[in-house]
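First the structure, in the form of structure tokens, and then the observations on it.
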Amino acid sequence: MDSKKLVVDALLKVLPDEITEEQVQKLIEKPKTSDLGDYAFPTFILAKSLHKAPNMIAEDLVGKIDQAGFEKVVNTGAYINFFLDKSSFSNDVLHAVINDKANYGNQDEGKGRNVPIDMSSPNIAKPMSMGHLRSTVIGNSVAKIEKKLNYQPIKINHLGDWGTQFGKLIVGYKMWGSEADVEADPINNLLKYYVRFHKEAEDKPELDDEARAWFKKMEDGDEEALKLWAWFKDLSLKEFNRIYARLGVTFDHYTGESFYNDKMDAIVDTLREKGLLKESRGAEIVDLSDHDLSPALIRKTDGATLYITRDLAAAKYRKDTFDFVKSLYIVGSEQSEHFKKLKLVLKKMGYDWSDDITHIEFGLITTGGKKLSTRKGNVILLEGVLQDAVDLAKKQINEKNPDLKNKDDVAEAVGVGAVVFHDLKNERRDSFDFNLEEVVRFEGETGPYVQYTNARALSILRKAANLDYADADDLSLADPEAWDTIKLLQEFPAVIKRAGRIYEPSVIAKYALKLAKSFNQYYAHSKILNEDAGLNARLALVKSVTTVLQESLNLLGVKAPEEM
Ligand code: ARG
């Protein structure tokens, strides 16, 4: 059921033949206020060909339009205003949501085809930063949206588990570390060695040489180097998995950078065969000056491979393994040049599927306007943030609903959900400031507000548990107070489509806030449980709102507690 199509069809029947359906689709507007109807059509473009003033044209056309399906069709100046028939519209929308339940809004755009999603991808032996949190939650949500559009998402954690930083870590560990310290508090102590390494290397550049030598040993398969590396990796993964469990995020593959070690030679050979590899002061590069980019460094003078070399191998591997229709990378904006180069080199190699690669970039999270960086040790430890949010949620639950059962579970869902929701409601390219107090509020533009609205709606339904409104034939609701909410429910499939097209979970988060707000207004103005002819439809509306709020939260990776 598509209400805009109704308007388009009504118009096409009365418009001159040279006006196409696409033109009409584009011209139709949604008026800002409800007194101008649900849709409006401006007639200005017809003035020239019809040799008439636009307001005359509008008046003429209104007389000819078939009014079936509309409450009324009128003209205001040069505009034709369409008022949908509230009864039939609401009846259609509510039946659709009640029947489809969580599947409401599902679409078959993807036809089951594979979409690898490179997401989270933290670096081993460092704490997961807020940037990796962003990648994790944006990736998780994008995967759910893709799935709803019937693509088959494949979530890949491209762990940063290879590279010169491990040389630095080994040097640091050997100089200042001990097995006992690392076992006691792995990530914090490994980070300490890393930070100290950088500080001391400022005055002692020979430390950098040592680090390079250790990484070279790793690449050459040295046993001691690899043993330390595997140990660091194992400990780091244990900690990351704890955070993933809290966020409710899972992966299909943990294939990090090291996974591609044995696929590196093939990539370098192909580059050489295709005549793309150039020597530059002992290193091997691909020249990209034709695109005003600095060269892609493929192998260093000592033969060591680089980040982009591993990404080239990974991209090819994903194409060969998954035969993807598109391949997504959820990585911060600061790497946009890297992905430009990656796509360009693949293109030069003759892989036209490089066009199907999209870098889904996002901005930084700041606190008090300051950027966070691991290298200086200036990180917010993610688990600390999550725990603080949960504690704050618990405090509010204790004030509002002290007798609630499973208080700890609900606080966890609300606190973690608040952090995730806040991240996703911002357009991903925007940088935003993180202020815990604001994020966990139960009112305003927050996740807890949406969760709370859903819980409140569920409590109404509990009171009506003995009524079988869901089976009622007539779900028409002409009540003007309900109109905004009903129209929002109808928009949900289009909202998902749009969120998917631009890879933007914020579209869904903003929609959920709007729906929650409109429902709360409705709730404040109507006696939902009043026993009159509209009862079934009103309950169906409440039920539909919970269905769509829950599915919106689900698509964002946020839980929806039944009570809070
Ligand atoms: N580990 C990298 C970092 O933290 C992100 C990796 C992103 N994925 C990729 N295929 N390059 O900066």
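The values are calculated or read from the model by the stated rules, or taken from the named source; none is laboratory data. Nothing here was measured: the structure is a model prediction, and the numbers come from that model. Virtual Cβ from ideal backbone geometry, glycine too; neighbours counted across all protein chains shown.
Worth a mention:
- Just one of (1) within 23 Å of residue 143 (Cβ to Cβ); (2) in contact with a helix residue (DSSP H, G or I) (Cβ under 8 Å, 6 or more places away or on another chain) fails for residue 320. It is (2).
- Filtered residue count, region 214-263, keeping only those that are closer than 29 Å to residue 295 by Cα and either in a helix (DSSP H, G or I) or in contact with a Gly (Cβ under 8 Å, 6 or more places away or on another chain) (or both): 14
- Any hit, region 436-446, residues being more than 19 Å from residue 136 (Cα to Cα), exposed (fewer than 15 other Cβ atoms within 10 Å of the Cβ), of a type in the set (S, T, N, Q) and touching a residue at least 24 places away in the same chain (Cβ under 8 Å): no
- Within region 187-239, restricting attention to residues that are in contact with a helix residue (DSSP H, G or I) (Cβ under 7 Å, 6 or more places away or on another chain) and of a type in the set (S, T, N, Q), the residue that is surrounded by the fewest Cβ atoms within 10 Å (Cβ to Cβ) is 189.
- Only one of 265, 252, 290 that is within 28 Å of residue 225 (Cβ to Cβ) and either among the charged types (D, E, K, R) or within 12 Å of the ligand (Cβ to nearest atom) (or both): 265
- The residue that is surrounded by the most Cβ atoms within 10 Å (Cβ to Cβ), among those in region 1-44 that are in a loop (DSSP other than H, G, I, E, B) and among the hydrophobic types (A, V, I, L, M, F, W, C), is 15.
- Failed condition for residue 88, given (1) within 32 Å of the chain's Cα centre (by Cα); (2) in contact (Cβ under 8 Å) with a residue 12 or more places away in the chain: (1)
- Any helices (runs of 4 or more DSSP H) falling wholly within region 110-197 and containing at least 3 residues that are modelled with pLDDT of 95 or more and either within 25 Å of residue 417 (Cβ to Cβ) or within 15 Å of the ligand (Cβ to nearest atom) (or both): 130-148
- Residue within region 350-360 that is under 14 Å from residue 118 (Cα atoms), of a type in the set (D, E, K, R) and within 14 Å of the ligand (Cβ to nearest atom) present: no
- Just one of the listed residues (102, 47, 53) is over 24 Å from residue 478 (Cα atoms), in contact (Cβ under 8 Å) with a residue 60 or more places away in the chain and surrounded by fewer than 19 Cβ atoms within 10 Å (Cβ to Cβ), namely 102.
- For residue 243, the conditions (1) within 15 Å of the ligand (Cβ to nearest atom); (2) modelled with pLDDT of 95 or more all hold with the exception of (2).
- Contact annotation: residue pairs with Cβ atoms under 7 Å, 6 or more positions apart or on different chains, pairing a residue in region 493-521 that is under 18 Å from residue 93 (Cα atoms) with a partner that is assigned to a helix (DSSP H, G or I) and charged (D, E, K, R), are 496/148; 518/484.
- Among the residues of region 27-66, those identified as under 35 Å from the mean Cα position of the chain (by Cα) and among the aliphatic types (A, V, I, L, M) are 27, 28, 36, 40.
- Count of residues meeting criterion [within 20 Å of residue 429 (Cα to Cα), surrounded by 22 or more Cβ atoms within 10 Å (Cβ to Cβ) and either out of contact with any Lys or Arg (no Cβ under 7 Å at 6 or more places or on another chain) or not small (Gly, Ala, Ser) (or both)] in region 313-340: 4
- Qualifying residue in region 58-78 (condition: assigned to a strand (DSSP E or B), away from the ligand (no atom under 16 Å from the Cβ) and among the basic types (Lys, Arg)): yes
- Selection within region 227-265 - under 17 Å from residue 156 (Cα atoms) and aliphatic (A, V, I, L, M): 237, 243, 245, 247, 249
Let's see how each residue does on (1) near the ligand (Cβ under 10 Å from one of its atoms); (2) closer than 20 Å to residue 165 by Cα:
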| residue | (1), (2) |
| --- | --- |
| 301 | no, yes |
| 311 | yes, yes |
| 318 | yes, no |
| 321 | no, no |
| 328 | no, no |
| 335 | yes, yes |
| 343 | no, no |
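- A search for C-beta distances below 7 Å between a residue of region 341-359 that is more than 13 Å from residue 324 (Cβ to Cβ) and at pLDDT 95 or above and any residue that is outside any helix (DSSP H, G or I) and within 15 Å of the ligand (Cβ to nearest atom), counting only pairs 6+ apart in sequence or on different chains, returns 341/296; 343/357; 345/296; 359/329; 359/331.
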